[in-house]
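Data first, discussion second: the structure below is written as structure tokens.
Bear in mind that the values in this text are calculations on the coordinates, not laboratory data. On a predicted model such as this, the values are computed, not experimentally measured, just so you know. Positions of Cβ are backbone-derived with ideal geometry, glycine not excepted, and every protein chain shown enters the neighbour counts.
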Amino acid sequence: MTTALHPGAGTARPGQAADQPYAYRRRPLEEPDWRRLPGWRDVTAAEWESAQWQRAHCVKNLRQLRALMGDLLDESFYADLERDQAERATMSMLVTPQMLNTMDTSSTEAFHADPVRRYMIPVLTDRRTDWPSHPCSARDSLHEAEMWAVEGLTHRYPTKVLAELLPTCPQYCGHCTRMDLVGNSTPAVAKHRFTAKPPDRLGAMLDYLRRTPGVRDVVVSGGDVANLPWARLESFVGDLLDIDNVRDIRLASKALMGLPQHWLQDEVRAGMERLAAKAHARGAHLAIHTHVNAAQSVTPLVARAARAMLEAGVRDVRNQGVLLRGVNDSPAALLDLSFALLDEAGIMPYYLYMCDMIPYSEHWRLAVWEAQELQHAIMGYLPGFATPRIVCDVPYVGKRWVHQLADYDRERGVSYWTKNYRTGLEVGSGGGARGADPDALTRRYEYYDPIHTLPEAGRAWWRDRAAEEEGAAG
């Protein structure tokens, strides 16, 4: 008697790695030797693990990159970078030694192809020449400032707010969704600035939350909270914990990966222990959200910092990456990243955002259908609780899983989305001009795929539309 095999099973053993599209293998973490770079040849381990040294030796311009790299990079790369900084960059250059050290510097070609380099040190030839920006791109693509309840406090969701405490970070990502506010101005973008003094802004945020009992969840961000003096951050979070309706607090810091040395400082660890104990005593939840896009960024120092925060008592350390073409746009890259976070650092893979529609970002952005395929491809390999959700942050809507769209015009690359709540704009509480909106829950909101991913008919439609608008304007 023979037993029929499950269709497609052949004679392989169930789960045999060679038969799977992705083969799991636990990979030990590595801290690359920074002394391979000419400018850091004499840097000691003690210096490397110093947050102060890391901050003092960030690479902020072309001159500093040349001094660090010596003759490892061809002159053509520096010229490419210089043109991008002058013509296209929406973020000023700022890269920590920790992040630079994870990039492949073995040759100019390897450096140019490196995933972390592609989003931290963009060059002009990275960007598209046909549609460098989508016609519907915007500086504040998510309209967060329109939804400020007070300056810097975005009240978009019914029970959640985003508190932007400061406009700086230890490092600047080229694809930053808050490029209109965060960082120094560039030739392409003159940045907006907060008008109120920091103590007044933070005080106004706390006052708003005290009189708004429907808010239970506060994301404390910026910028990056690692750039806020610790005493000021601890005071603000402590005050949040004194507000009865606040039950969840999430501290947003890419620096947990980009500058783990900060989170390993005695002052920070002791302060986090105090805040975690206070949160636990009143039944609130304190977590840290970081931003890692590539597995190579997860090093032993990053793992130490994440574990230090967990040992201090925070409920979770979670990762919110961004889906970027040329960085992590394959199933293997996303699974490698997720397993490195989960297995080696105790960081929970949480969200992967689609890159927002800011200017000059088309070379990074993926179409919704591509994101849907990636979500399908990574299912089943990770535990369900640790499988990152790929989300589209739809303007005037908010985060939606990429399969939640209501309709999709693939030819023109327009997806349509609905929502089940009113933002501060639609209820009139955000100070925006739109005021109360009775149609907010029935309207369909649009999101746009990169034009170069469309079929020729769709690309032609956008070209014709652009020509018509140019003619009308001229």
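Just add up the charged neighbours of residue 32: K/R +1, D/E -1, any other residue whose Cβ is under 15 Å from the Cβ of residue 32.
Values: positive: 27, 35, 36, 41, 117; negative: 30, 31, 33, 49, 104, 114.
Once all neighbours under 15 Å are counted, the net charge is -1.
Which of rounded, prolate or oblate describes region 34-126 when judged by the alpha-carbon gyration tensor and an a/c cut-off of 1.5? Numbers along the way, then the final one.
Numbers: a/c = 1.96, a/b = 1.51, b/c = 1.30.
In terms of gyration-tensor shape, prolate.
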Would you compute, for the Cα atoms of region 60-196, the largest minus smallest coordinate along each principal axis and list the three values in descending order, in whole Å? 52, 34, 25
Positive dipole terminus of region 121-171, leading residue within 142, 162, 123 (C-beta point charges): 123
I'd like the distance separating the alpha-carbon centroids of region 290-317 and region 242-279, in whole Å. 12 Å
Residue-averaged [θ]222 nm for the chain, counting only DSSP H segments that reach four residues, each worth -39500 (n - 2.57): -9000 deg cm²/dmol
For region 298-354, what value does the Rg/Rh ratio take when both radii are computed over Cα atoms and Rh is the Kirkwood radius, given to two decimals? 1.01
Just how large is the dipole of region 34-126 about the Cα centre, in debye to the nearest 20, putting +1 at every Lys and Arg Cβ and -1 at every Asp and Glu Cβ? 300 debye
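Only bridges with both residues in the chain count here: give the DSSP antiparallel percent, nearest 5. Don't jump to the answer; show the numbers that get you there.
Details: 16 of 43 bridges.
Around 35 percent antiparallel, to the nearest 5.
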Of the residues 56, 78, 37, the Cα lying farthest along the dipole of region 34-126 towards its positive end, which is defined by charges on the beta carbon of Lys, Arg, Asp and Glu, belongs to 56
Please give the length that would be gained between residue 109 and residue 437 if that part of the chain were fully extended, namely 0.36 nm times their separation in residues minus their C-alpha to C-alpha distance (nm, one decimal). 112.8 nm
Over the alpha carbons of region 146-231, what is the largest minus smallest coordinate on each principal axis, giving the biggest first in Å? 42, 28, 21
So, by mean Cβ neighbours within 10 angstrom, what's the order for 255-263, 366-374 with the highest one leading? 255-263, 366-374
Rounding to the nearest 20 debye, state how big the charge dipole of region 145-401 is about its Cα centre with +1 on each Lys and Arg Cβ and -1 on each Asp and Glu Cβ. 420 debye
Take the cross-link list 160/197; 60/278; 160/191; 60/160; 278/419; 191/278 and give me the ones stretching past 32 Å between alpha-carbons. 60/278; 60/160; 278/419; 191/278
Three-way shape call for region 41-87 based on the alpha-carbon gyration tensor, with the a/c threshold at 1.5: oblate
Can you tell me how region 326-474 classifies by the Cα gyration tensor, rounded, prolate or oblate, using a/c under 1.5 as the rounded cut? oblate
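Could you give the size of the charge dipole of region 348-447 about its Cα centre, using +1 on the Cβ of each K and R and -1 on the Cβ of each D and E, expressed in debye and rounded to the nearest 20? If you can, show how the numbers build up before the last one.
Details: 11 positive and 12 negative charges, 54 e Å.
Rounded to the nearest 20 debye, it is 260 debye.
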Where a label projected 7 Å from the Cα of residue 31 along Cα→Cβ would reach, residues of region 250-267 with amide N under 17 Å: 256-266
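How much net charge surrounds residue 409 when only the other residues with a Cβ under 11 Å from the Cβ of residue 409 are counted, with Lys and Arg +1 and Asp and Glu -1? Please report the intermediate quantities before stating the final value.
Working: positive: 410, 412; negative: 407, 411, 446, 449.
Every neighbour counted, the sum reads -2.
Count charges around residue 348 for me, please; just the other residues with Cβ under 14 Å from its Cβ, Lys/Arg as +1, Asp/Glu as -1. Each step should come with its number before you reach the end.
Values: positive: 250, 307, 315, 318, 389; negative: 316, 343, 344.
Overall, the nearby charge balance is +2.
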In cubic angstrom per residue, the convex hull of region 145-401 built on its Cα atoms measures 124 Å³
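Can you list, largest first and rounded to whole Å, the semi-axes you get for the chain by taking the square root of 5 times each eigenvalue of its Cα gyration tensor? Mind showing how you got there, number by number?
Numbers: eigenvalues 191, 187, 151 Å².
The equivalent ellipsoid of the chain has semi-axes of 31, 31, 27 Å.
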The relative contact order of region 43-111, taking Cα pairs under 8 Å that sit 6 or more residues apart, comes to a percentage of 41 percent
Rounded Å value of the spacing that divides the Cα centres of region 384-422 and region 158-202: 25 Å
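Round to the nearest 0.05 the FRET efficiency obtained for residue 460 and residue 43 when R0 = 41 Å and r is the Cβ-Cβ distance. Can you show the working numbers first?
Working: r = 54 Å, r/R0 = 1.33.
Efficiency for this residue pair is about 0.15.
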Would you mind computing, in nm to one decimal, how far apart the modelled labels at residue 410 and residue 385 are, each placed 7 Å from Cα along Cα→Cβ? 3.7 nm
Specify which residue in the list 401, 467, 447 is farthest towards the positive end of the charge dipole of region 392-474, using unit charges on the beta carbon of Lys, Arg (+1) and Asp, Glu (-1), about the Cα centre. 401
